[in-house]
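Notes follow once the structure below has been shown.
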Amino acid sequence: MEAAMARQRQDSIRAPKQARSQQRVDQILDAARDIVAARGSAALSIVDIAESAGITAGSMYQYFPNKTAILCALAERYLDEFGRRMAEKLAVIPQDYTSAMDTIDEIVELFFQMNQQDPVMRDIMFGIVSDKSLRELSRRDSEAKIDALCAALVPVVPPARRDDLRLSILLMTEFVEAAVRAALDMPALEARRTIDRLKAMIRAIWVAGI
């Protein structure tokens, strides 16, 4: 009985501490997000984040060892949000080629719009190319999203092509990321044409069975 009461007391102490820790992490990430949105990730520094978050630079290291870890945590936020919204679109399993392509179109458009409209996500998108930690985070995240796409598309893929489905989707996602990254550097009209052309090419590739 006494042991159970002691555990309850420990749990009641631990919960507020955990809540405060998560609140502080969110505070740090919100401050980092604002700096990246205003000046880009290249301008991000521990000192600036601490000042913006209203904490000491020393206390920052209790939560993040360096700037890269903060950028990775920010990237996880955005990758998780995209994953959540992609899952909503995959909630209705495509039953034929047309509905499958329509769903892929919607996911491509979502990916482009999220990157285009949010300067932080856009900065991270370009950072993935040059930062090893961000690339590894993106690779692991892509693996999960490829699995989700495979599961959703299996019903409309001929049995003879199912062995190659995962590889096809991997190549498609790499193609989409590169095309969206290029479109983000273009004037609005050219970017729109690029994304529309990207969707058409994906349909053509799918029909060709690549």
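Values quoted throughout were computed directly from the atomic coordinates according to the rules given, and no laboratory measurement underlies them. Quantities reported herein were computed from a predicted structural model and do not represent experimental measurements. All Cβ positions, glycine included, derive from the backbone under ideal geometry; neighbour counts span all protein chains shown.
Taking mean projected area of the Cα convex hull in nm² as calculated from this structure, the corresponding entry among (i) 11.9; (ii) 15.0; (iii) 16.1 is (iii).
In this calculation the C-beta distance from Q117 to D163 is compared with R0 = 30 Å, giving a FRET efficiency of 0.20.
In whole angstrom, how far apart do the alpha carbon centroids of the range 56-82 and the range 151-191 sit? Centre-to-centre (Cα) distance: 29 Å. To the nearest ten degrees, helix 2-39 and the longest principal axis of the Cα atoms of the chain are 60 degrees apart.
Estimate the FRET efficiency between A57 and S21 by the formula 1/(1 + (r/R0)^6), using the beta-carbon distance for r and 22 Å for R0, to the nearest 0.05.
With a Förster radius of 22 Å, E is 0.80.
Take C72, C150 and order them by how many other Cβ atoms sit within 10 Å, fewest up front.
On the way: C72 21, C150 16.
Taking fewest neighbouring Cβ atoms as first place, the list is C150, C72.
FRET efficiency for the A204 to S133 pair, using the beta carbon distance and R₀ = 25 Å, is estimated at 0.10.
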